[in-house]
Amino acid sequence: MFKALIPRSITAKSVATVTLLGVGAYCAQSRLISTANAESNESLKVFSGFGFTTLRLKSTKDVNHNTKRLVFEFPDEHATSGLSLTSALLTISRPEGRWFPVLRPYTPISDLNQEGQIELMIKKYPNGKASSHIHSLTPGDTLTFAAALKGHAWTPNQSPQVYLIAGGAGITPIYQLAQGILNNPADKTKINLVFGVNTEQDLLLREELESFKARFPGRFDYIYTVSHPEGQGNGFRKGYVTEELLREVVKADGDAKVFVCGPPAMEDSLVGSRSQNGILARLGFAKGQIVKF
């Protein structure tokens, strides 16, 4: 399943940059920088610059058999994240028995302007060193974050219509973008979401997404498709994110954009490769209209 929830090129460069700083620098600076931030005006924007920030885990909540929501508190209760829309955070985990830290990016699901805390939703993978370590944390434990990783530079009303296509845990950056657009009174962009999962239990953030539709009628709509449902469809379709399904939803008109995030196989089928067009190209989308998280 999908692990990196931001563009792979950005992930590789950012991870390499942080790694080059050295494990010694991480150990020496993580506590010092987070303490200094708490005592300066920069603490009002927790991730506003480069450096290591250690946050305390406030609470956890099981979403399903392999996914948790984790809330981390800021040093200052009035501080905000300082992150821009479509940003992710690089976490630094120290799993037991490992000499070197494990770096993984995760996308916050809380409003980036929320004061006092930030929330992540993390899926645990069978052999996931970082996700297993983070799932083992209990309230009061800490987690260290490195640089904020920026994705697509979204500005209000950049496009009159956006299509969001998510698969599994790839919903987190898709959700962050939808939330940021809809919570901004100056942004009038219309949004259509297609969300594909394996089982109904994998429909993460379902309550929030359905709340968007109720709060923003005519601006936000969604289709869920479940490949292996346990029973008859209840508010979702049966199957995968296919070209046939997308033809019912997306239109490559004007300045419309489509954002994609999901397992590699799904992304490849939608976006294509150097030698072969993907589904979105066949539906009329130009390269500049497609953004892959």
Notebook entry, point to check: Hey, rough spin-label estimate for residue 96 and residue 150, points 7 angstrom out along Cα→Cβ, what's it come to in nanometres?
Noted result: 4.0
Notebook entry, point to check: Which of the GluC sites (Glu not before Pro) across region 216-293 are loop residues per DSSP, with 12 or fewer other Cβ within 10 Å?
Noted result: 230
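Averaged per residue, what accessible surface does region 167-257 expose to a 1.4 Å probe, in Å²? It would help to have the intermediate numbers written out before the result.
On the way: 4300 Å² over 91 residues.
Using a 1.4 Å probe on heavy atoms only, each residue of region 167-257 averages 47 Å².
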Checklist line | Virtual spin-label span in nm between residue 60 and residue 252, 7 Å along Cα→Cβ | finding: 4.5
Item checked: Virtual spin-label span in nm between residue 84 and residue 240, 7 Å along Cα→Cβ -> 3.6
Note to self: What aspartates and glutamates does residue 61 reach when the alpha-carbon gap must be under 16 Å and sequence neighbours fewer than 8 apart in one chain are set aside?
What the structure shows: 73, 119, 141, 202, 207, 208
Notebook entry, point to check: How big is the accessible area of residue 135 in square angstrom, nearest 10, if you roll a 1.4 angstrom probe over the protein chains?
Noted result: 20
Item checked: Surface share of carbon and sulfur [accessible, 1.4 angstrom probe, percent] for region 177-293 -> 46
Note to self: Could you give the length gained by full extension between residue 73 and residue 115, i.e. 0.36 nm per residue of separation minus their alpha carbon distance, to one decimal place?
What the structure shows: 14.2 nm
Check: How large, in percent, is the carbon and sulfur part of the accessible surface of region 55-119 at a probe radius of 1.4 Å?
Finding: 44
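Peptides 192-203, 45-56: what's the order by average Cβ count within 10 Å, highest mean first? Numbers along the way, then the final one.
Working: 192-203: 21.1, 45-56: 18.8.
In decreasing order of mean packing, 192-203, 45-56 become 192-203, 45-56.
Over region 91-130, with the other protein chains present, what is the accessible area per residue in square angstrom, probe 1.4 angstrom? Kindly include the intermediate steps, with their values, before the conclusion.
Details: 2010 Å² over 40 residues.
The answer is 50 Å² per residue.
Give the peptides 278-286, 67-75, 209-217 in descending order of average Cβ contacts within 10 Å, highest first. Mind showing how you got there, number by number?
Values: 278-286: 17.1, 67-75: 19.3, 209-217: 14.4.
In decreasing order of mean packing, 278-286, 67-75, 209-217 become 67-75, 278-286, 209-217.
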Item checked: Cut-off 13 Å between beta-carbons: net charge of the residues surrounding residue 197, Lys and Arg +1, Asp and Glu -1 -> +1
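Taking a 31 Å limit on the Cα-Cα distance, which of the listed pairs 45/287; 129/251; 129/213; 68/292; 45/123; 238/292 fall beyond it? Each step should come with its number before you reach the end.
On the way: 45/287 35 Å; 129/251 40 Å; 129/213 36 Å; 68/292 24 Å; 45/123 27 Å; 238/292 25 Å.
Violating the 31 Å limit, Cα to Cα: 45/287; 129/251; 129/213.
The values are calculated or read from the model by the stated rules, or taken from the named source; none is laboratory data. Predicted model, so just to flag it, every value in this text is computed and none were measured. Don't worry about glycine lacking a Cβ; one is built from the backbone with ideal geometry, like all the others, and counts go over all protein chains shown. What goes into the accessible areas is simple: the full protein's heavy atoms, side chains included, and nothing from ligands, DNA or RNA. Shrake-Rupley method; radii C 1.70, N 1.55, O 1.52, S 1.80 Å.
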